[in-house]
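These notes concern the structure reproduced below.
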Number of protein chains: 2
Amino acid sequence: DMSIDCISTTTLIRLPGLIDCHVHLREPGDEHKEDIVSGTGSALAGGITMVLAMPNTKPALTNETVLEMTEKLYEKKALCDYGLFMGASIDNAKAVVDIAHRCVGLKMYLNTTFGDLKLDNMESWMKHFETWPPNIPIVAHAENQTVASILCLAEIYSRSVHIAHVARRDEILLIRAAKNKGLLVTCEVTPHHLFLHRDNIQNILKAHGNMKGFCHVKPELQTSDDCKALWDNMDVIDCIATDHAPHTLDEKSNKENPPPGFSGLQTVLPLLLTAVHDGKLTMDQLIEKMYTNPKRIFNLPDQGDDTFIEVDMERRSTVDDKSLFTKAAWTPFIGMMLRGSVHRVVLRGEVVFVDGQVLAEQGTGRNIVQLRGESNHAKKIK
Amino acid sequence: DMSIDCISTTTLIRLPGLIDCHVHLREPGDEHKEDIVSGTGSALAGGITMVLAMPNTKPALTNETVLEMTEKLYEKKALCDYGLFMGASIDNAKAVVDIAHRCVGLKMYLNTTFGDLKLDNMESWMKHFETWPPNIPIVAHAENQTVASILCLAEIYSRSVHIAHVARRDEILLIRAAKNKGLLVTCEVTPHHLFLHRDNIQNILKAHGNMKGFCHVKPELQTSDDCKALWDNMDVIDCIATDHAPHTLDEKSNKENPPPGFSGLQTVLPLLLTAVHDGKLTMDQLIEKMYTNPKRIFNLPDQGDDTFIEVDMERRSTVDDKSLFTKAAWTPFIGMMLRGSVHRVVLRGEVVFVDGQVLAEQGTGRNIVQLRGESNHAKKIK
Ligand SMILES: [Zn+2]
Ligand SMILES: [Zn+2]
Ligand SMILES: [Zn+2]
Ligand SMILES: [Zn+2]
Ligand SMILES: [Zn+2]
Ligand SMILES: [Zn+2]
Ligand SMILES: [Zn+2]
Ligand SMILES: [Zn+2]
């Protein structure tokens, strides 16, 4: 099976270049964990042609200086398209309004996680909801009842909010009820919360000397009941996003204080294709949650016909750490037997990935803010 | 001043019998802290003719058996009118629907406090919002962002919610914004959060050997900034309620684990009359927040002309522990110099308190559920 030449198989199908609306590429500041080249390369290898990058870098992306620096880094290095999130801080609500149009959204950290962007008090939440432009999304890291809290603010300020990495039964049931009532909320779920839970992490532990750090992620892996609730409420889930959050083997091996986070860019599509193969997900749902919905929610530019990916629906593989492009040279999905893999990725007519090789040159990726402008310009001159 | 015979002063004015929509009278189960007689006596001495009693008794009032027992105790003993709250538990959402009409509201504990009625997960909150009759209030112990969480649930289920003991700037600003947007929310503030904060508790500490337990209350006393925000947003506060939560001197002296709570029934009116005297509050606001609004929010029966209180607007006093009727023989307001006191309380034509003496007999108080029925009946036969 593994030796079949993909060209000769009949199982190659074409999909849109996927959009991952939640990644941490660690540059600037933590380039030993990941950098823009390794991160966007890992994206291409995963069939993802556009990533939306989170602002908890070092320094954090919370002002124009860091935005400018980060834009330049991506412009020079990115292998796939990208958008940048502005981070909400306790005191930048007013200052960021003028540069909001250069960002794909505002990220608000409402619970403790990696970095120090946590907003403790509701008054600071309210200030951001008051000032951030209504047509640019707000994304909230909100867990448990904090999901309800931030939905309340969205309702009070007559705007929508996107809930990152929904992980619990409680959260998805609340979002279902809120959507039923007509509240403006969208949400994403990660592959690790869909495929891993507290009772099926033997592989991760076995591969890493039983060190708990390798199972540590925010939000934490939940019970099998929570996991089942996500699958049972798939119709409520707008996006599947990796929350790709790389840390090195050394860091995850720290027994006292391992940082939270998993890599995910290269494994998400094979995991979802396997779910399609197993009848747990339809191909339409896969496309909706990793292309159509993120595009709509984040006002992303249309892809031309010359951007697409080809996947081999039948190719089997066992997840291992060796074929990863991410600097986090390990994966929590290790040992899983998957069916379906990325064969080729084409971005604006250029083959940027094929047969396990990333071919894109640095600077191939474009900022979605510029792509948007060009697409608007093109429409106008038509 | 103190020796003037009140009959001969010209400063006696008549007010409605006040309504305290949040008290803990500790019976059944903790009668050493308070019982129905001492608690309702303390109410009368404070100018309060109606109390709404919380369900965190022992056993907790979360089912028909305890409701029945508690109704009987109050019927026999109460010196003032009363209503009983049902406690929301993790698994009684369906069972309490049939007895909801015998209660004045459903109390939901969403944060940690005295007792074990805390509801941890949103799914249990949702079940109560789904089933509890929409015309009977839900009261939430919700602090910080939990206020926003429960407002979200109220919005999703198209019903109102009453927020108990708002204590923080954050909370009152959120409630202001929510009311502006038209969300169905009402709230109450305690006298201790209005008159005490972290920087003015010297008197309490001095009177009690610097033992922190005497300042411990849920929600905790906040900063002077939080306290100021409550006064600045007085127009958003629907009710002033004591959250009378008596514990004995011995219990509060426990250094490891003192229980949270203050008594408040006898001090609230003198404190508020002093605020009126000082121009911080109008008499109209006092009546609105301790009579008109609680009556409206909790659908309480009208008082007849033969129920009222008389207060001496000018009488000065220094708060001490000695003249308290509550079994919690201490007060956090100790040493405060107040102006204004209760002279006489008349309930259905009967003088039930005068000049420091409680005259009501046990059983004088009526259940508001019955009073409501009689008032409806009276209207019908007219
Ligand atoms: Zn090939
Ligand atoms: Zn997060
Ligand atoms: Zn993240
Ligand atoms: Zn490994
Ligand atoms: Zn007198
Ligand atoms: Zn409370
Ligand atoms: Zn209370
Ligand atoms: Zn004392």
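The values are calculated or read from the model by the stated rules, or taken from the named source; none is laboratory data. All figures in this text were calculated on a predicted structure; none of them were measured in a lab. Here the Cβ is made from the backbone with ideal geometry for all residues, glycine too, and neighbour counts use every protein chain on show. In case anyone asks, the SASA skips ligands and DNA or RNA and just uses the protein heavy atoms, side chains included. Shrake-Rupley method; radii C 1.70, N 1.55, O 1.52, S 1.80 Å.
Observations on the model:
- For the range A:143-192, a drop of 50 Å² or more in accessible area on going from the chain alone to the assembled protein chains (1.4 Å probe) is found at A:Gln145, A:Cys152, A:Glu155, A:Ile156, A:Asp170, A:Leu174, A:Lys181.
- Rolling a 1.4 Å probe over the protein heavy atoms leaves A:Ser224 with an accessible area of roughly 50 Å².
- Ranking B:Ser158, B:Leu119, B:Trp132 by Cα position along the charge dipole of the range B:42-187, where only Lys, Arg, Asp and Glu carry charges on their C-beta atoms, puts B:Ser158 farthest toward the positive end.
- Rounded if a/c under 1.5, otherwise prolate or oblate - the range A:82-124, Cα gyration tensor axes: oblate
- Chains A and B together, accessible area buried on both sides, 1.4 angstrom probe, square angstrom: 2300 Å²
- Stretched out straight at 0.36 nm per residue, the stretch from B:Met69 to B:Asp225 would grow longer than its current Cα-Cα span by 51.8 nm.
- A Cβ-based charge dipole, computed about the Cα centre of the range B:253-382 with Lys and Arg at +1 and Asp and Glu at -1, lands at about 440 debye.
- Cross-link partners of A:Lys72 among aspartates and glutamates (Cα-Cα below 20 Å; sequence separation of 8 or more within a chain): A:Glu27, A:Asp30, A:Glu31, A:Glu34, A:Asp35, A:Glu64, A:Asp81, A:Asp98, A:Glu361, A:Glu374
- With protein chains left intact and a 1.4 Å probe, residues in the range B:256-297 average 36 Å² of accessible area per residue.
- 3J(HN,Hα) couplings calculated from phi for the range B:331-336 with the Karplus curve 6.51 cos²θ - 1.76 cosθ + 1.60 (θ = phi - 60°) are, in sequence order, 9, x, 8, 3, x, 6 Hz; Gly and Pro show x.
- Against the rule of thumb 2.2 N^0.38 Å, how large the Cα Rg of the range A:259-301 comes out: 1.36
- Prolate/oblate/rounded label for the protein assembly as shown (Cα gyration tensor, a/c 1.5): prolate
- Residues with amide H under 5 Å from that of A:Leu84, placed H, sequence gap 5 or more: A:Ala53, A:Val104
- Cα gyration tensor, chain B - rounded (a/c under 1.5), prolate or oblate: rounded
- Using C-alpha pairs below 8 Å separated by at least 6 residues, the relative contact order for the range B:192-261 is 40 percent.
- Here A:Lys118 and B:Asp302 are evaluated by their C-beta separation; at R0 = 56 Å the FRET efficiency comes out at 0.70.
- GluC sites (Glu not before Pro) within the range B:167-225: DSSP coil, no more than 11 neighbouring Cβ in 10 Å: none
- Modelled spin labels at A:Asp250 and A:Thr318, positioned 7 Å past Cα toward Cβ, are 3.0 nm from each other.
- Here's the picture: charge each Lys and Arg Cβ at +1 and each Asp and Glu Cβ at -1 in the protein assembly as shown, and of A:Ala78, A:Val345, B:Gln222 the one pushed furthest to the positive end of that dipole is A:Val345.
- Chain A - percent relative contact order, Cα under 8 Å, separation 6 or more: 23 percent
- Phi-derived couplings, Karplus 6.51 cos²θ - 1.76 cosθ + 1.60 at θ = phi - 60°, listed residue by residue for the range A:175-180: 5, 4, 4, 5, 5, 4 Hz, with x used for Gly and Pro.
- Over 29 Å (Cα to Cα) - which of A:Lys127/B:Lys118; A:Lys252/A:Lys322; A:Lys94/B:Lys228; B:Lys33/B:Lys94 fall in this group: A:Lys127/B:Lys118; B:Lys33/B:Lys94
- With all protein chains in place and ligands, DNA and RNA left out, the 1.4 Å accessible area ranks A:Arg348, B:Arg198, B:Arg159 as B:Arg198, A:Arg348, B:Arg159, largest first.
- Scalar couplings 3J(HN,Hα) for the range A:150-165, obtained by applying the Karplus form with A = 6.51, B = -1.76, C = 1.60 to θ = phi - 60°, are 6, 5, 4, 4, 4, 5, 4, 9, 6, 9, 8, 9, 10, 8, 6, 5 Hz; x denotes Gly and Pro.
- Cα pair distances in the range B:141-288, grouped into 5 Å bins until the bin that holds the longest one, percent each: 2, 9, 18, 21, 19, 14, 10, 5, 2, 0
- Per-residue SASA entry for A:Leu12, accessible area with 1.4 Å probe, Å² rounded to 10: 50 Å²
- Cα-centred dipole magnitude for the protein assembly as shown, charges only on beta-carbon of K, R (+1) and D, E (-1), debye, nearest 20: 680 debye
- Burial of 20 Å² or greater, the range A:94-127 residues [accessible area, probe 1.4 Å, versus chain by itself]: A:Met122, A:Glu123, A:Met126
- Rounded to the nearest 10 square angstrom, B:Asp120 shows an accessible area of 110 square angstrom against a 1.4 Å probe.
- Close amide-amide hydrogen proximity is noted between B:His343 and B:Glu310, B:Val311, B:Asp312, each under 5 Å apart and 5 or more residues distant or on a separate chain (H modeled in the peptide plane; Pro and chain starts excluded).
- Amide H contacts under 5 Å for A:Cys239, placed H, 5+ residues apart: A:Cys187, A:Glu188, A:Val189
- Share of carbon and sulfur in the accessible area of the protein assembly as shown stands at 49%, probe radius 1.4 Å.
- Copy-to-copy label separations for B:Lys72, where each label sits 7 Å from Cα toward Cβ, in nm and ascending: 8.2
- Annotation: per residue accessible area for the range B:145-198 equals 23 Å², rounded to a whole number [probe 1.4 Å, protein chains only].
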